[in-house]
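K.L.:
Please read through the structure below; I'll follow up with questions.
Any read-out appearing in this document is the output of simple, stated calculations on the displayed coordinates, not a laboratory observation. Treat the numbers as computed from the prediction; the structure is a model and nothing was measured. Cβ sites come from the backbone with ideal geometry, for glycine too, and all protein chains shown count toward neighbours.
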Amino acid sequence: MVAGIAAALLAVTVQSAPAFAADEPIDTLSVVESQGLLGAAEALPHVAQESQQSTTLQRMAAEPGTPSPERVEITPVTDAAAEHVDRLGATVQDSSSYGFVTGLSSSGANASFVVIKDSTAPDAYDFTVGDASTQLTLNDDGSVTVTKADGTWVNKISAPWAKDANGKDLETSYTVSGNVITQNVSLEGAAFPVTADPTSECGVGWCSVYLNRDETRDLANGGPSGIAAFTAGCTALGGPWAGAACAAGAGIAAGTAGVAYGQGNCVGAVGYLLPPVFVPSWNPFIEPRGTVHCP
């Protein structure tokens, strides 16, 4: 792959992974790149703005009652050697049966993608989130809330997803312990390679929200369920952009929702704070049909 400062279900843009011949070696980075899962900061406006915003947002976050999203590092627990890919700003750690690519997702959120190459691979993968003082709470919807030791909200990890080479959704879930999140993946009947990932929903001062097809239609028509879906996603993180800011974002996204639905797609929006007054600003976008957000 949102709220508080913006809004909610950001996982990742996913297409089915290409199938490989049984005797063809699987390249972890090629699988992730072929699915359009990686993004570069300079191509993502809300990420590029972070260099201007981060100092002010950190100052705001230090003031009582004004928490703001912070980037959290998601790091795979593995002994595999790390290779940095400069053109992507990503790190690849590969082994014979699985590999990791860690960097920015197509939305600009921190992500660590795991590529499971064959049936000999493990069915559970550990990732550290933040540092040893970071606290993780598993939510009913499968997502994970990230807080500091004092309970201050920091970010949120999207509900997990996993797809096989044919685009089939696989059963997957998180467990948490301390600052370690474990993604469990059911590989029964899977076509390899399988791709999965934990993704944060926010960066510094921005978050994203996605609506499915039915919600997109309802939002375009001004229906209460579409507005409710957008607002619920926006407030799910419990950060500082809740309430009226979420309702305003729904209104801004409604026009794009009409275009998206007419094209057979879905709508999403990135929300972020704009200086100098730090009023939430929304950039709606069209999420193509067939991704994890618009099945």
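K.L.:
Excluding Ala162 itself, what net charge comes from residues whose Cβ is under 9 Å from its Cβ, given Lys and Arg +1 and Asp and Glu -1?
P.N.:
Taking every other residue near Ala162 into account, the sum is -3.
K.L.:
Another one. Give the aspartates and glutamates reachable from Lys168 as a straight Cα distance under 18 Å; neighbours fewer than 8 places away on the same chain don't count.
P.N.:
Asp118, Asp123, Glu188, Asp197
K.L.:
I need the peptides 98-106, 161-169, 261-269 ranked by packing, meaning the mean over residues of other C-beta atoms within 10 angstrom, with the highest value on top.
P.N.:
The peptides rank, most packed first, as 98-106, 261-269, 161-169.
K.L.:
For Lys148, give me every one of the aspartates and glutamates with a C-alpha distance below 18 angstrom, ignoring sequence neighbours fewer than eight places off in its own chain.
P.N.:
By straight Cα distance, Lys148 reaches Glu63, Glu70, Glu73, Asp131, Glu201.
K.L.:
If R₀ is 22 angstrom, what is the calculated FRET efficiency for the pair Asn139 and Glu73, using the beta carbon separation as r and rounding to 0.05?
P.N.:
Working from the Cβ atoms, E equals 0.60.
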